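Read the figures in this text as sums done on the coordinates, not as results from a lab. Small disclaimer: the values here were computed from a predicted structure and weren't measured. All Cβ positions, even for glycine, are placed from backbone atoms using ideal geometry, and neighbour counts span all protein chains on display.
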Amino acid sequence: MSIHNIRKEVMKTLESKIHGFVDDFLIPIEKIWQPSDFLPNSQNENFIEEVKEIQEISKELNDDFWTVLIGDTITEEALPTYESWLMELDGVEQDPENGWSKWVRAWTAEENRHGDVLNKYLYLSGRVNMREVEISTQHLIADGFDIGTSTDPYKNFVYTSFQELATYISHNNVAKIARKKGHKLLARMSKIIAGDEMRHHKAYTAFVKEIFKIDPSEMMLAFEKMMKHKIVMPAMHLRESFNTKGSLFNDFSTVAQRVGVYTGFDYVDILRKLNEAWEIDKITGLTAEAEKARDYLMKLPDRMYRITERIVIPETQFNFKWMIPA
Ligand SMILES: [Fe+2]
Ligand SMILES: [Fe+2]
């Protein structure tokens with residue numbers, strides 16, 4: 001049997017659990033928060049005053065902070081890329097009877113609220129050049145991404161387990177900074193987004209855990225391959241107007257690190273948490289090759305920590321077009 005067919009078989013086996021996954025890790029649509037819950041109500045008489053209040057406190061937060069929030073927003077807004085990528089995985093079919101496509105759609109529907117609420121907040125803040133932000137978003141979606149997983153669900157679920165935790169960390173850190181600066185609305189908003197990301201992280205981690213039960217060696221090898229390849233960020237191709245694909249990503253990532261929203265240490269921490277969540281030290285019945293992969297993975301966090309310690313984050317002041325008044 002080809003590797004694709006084996007993957008499809010395993011995904012088929014797991015399909016019977018999808019309903020449980022949806023119930024355990026997603027929230028019914030009528031019960032979950034919506035962007036409007038966190039934004040001034042435009043049907044209200046006080047709407048303009050509330051917006052003015054947001055604009056006043058928005059001046060308190062510096063350009064680095066807004067740059068990170070914009071990058072995070074654009075990353076969320078590139079959701080069409082992630083949904084279409086996941087729909088291509090072995091075992092995921094557009095067929096309405098396919099359980100996995102149900103999961104992907106329900107997950108996408110929850111995620112869609114993140115970019116929506118953040119985008120509206122940026123617009124109301126009066127601090128950013130929305131047209132430039134929109135151009136970057138359109139570019140990022142047009143550019144797509146390649147996360148090095150191909151259509152392999154094992155590798156993809158490692159990726160999503162990692163990414164959901166990474167986004168949890170960054171939205172949560174944004175919430176902390178915003179709270180410190182008295183930005184209550186933004187703090188509450190980022191906190192609740194972080195809560196969604198944590199649930200999603202738990203879901204994808206549970207999928208991997210199930211696969212470990214059925215196909216431990218192949219799952220271990222997929223995990224190792226993803227870590228050797230390094231987890232690339234979904235905004236890897238980030239750019240601003242009249243610039244080349246990916247030209248903005250490093251600068252954005254530098255700013256995120258010095259603001260403390262998402263750092264190299266967070267990356268290491270996520271690795272450690274994934275090793276723990278999947279209890280890779282306790283998995284039995286591995287081939288010799290998979291045993292080796294496990295050794296590599298167990299040692300990786302400490303090794304990466306030592307490398308991360310030596311990295312110096314530049315203090316360069318970048319002139320992001322997002323921050324220049326139109
Ligand atoms: Fe999200
Ligand atoms: Fe997410």
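Going down the table (Lys31/Lys120; Lys155/Lys213; Lys17/Lys273; Lys273/Lys299), which pairs top 18 Å between alpha carbons?
On the way: Lys31/Lys120 21 Å; Lys155/Lys213 16 Å; Lys17/Lys273 24 Å; Lys273/Lys299 13 Å.
Table pairs above 18 Å Cα-Cα are Lys31/Lys120; Lys17/Lys273.
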A chain fully extended from Glu45 to Arg131 at 0.36 nm per residue, minus the present Cα-Cα distance, gains in nm 28.2 nm
Looking at the chain as a GNM with Cα springs under 10 Å, which of Val312, Val158, Val133 has the largest mean-square fluctuation? Val312
Förster-model FRET efficiency, 45 Å R0, Lys228 and Lys181, C-beta, rounded to 0.05: 0.70
Say we join alpha carbon atoms closer than 10 Å with springs in a Gaussian network model of the chain; which of Phe25, Phe265, Phe47 then has the biggest fluctuation? Phe47
To the nearest 20 debye, what charge dipole does the stretch 16-309 have about its Cα centre, counting +1 at the Cβ of each Lys and Arg and -1 at the Cβ of each Asp and Glu? 900
Net charge near Arg239 (other residues with Cβ under 12 Å of its Cβ; Lys, Arg +1; Asp, Glu -1) is -2
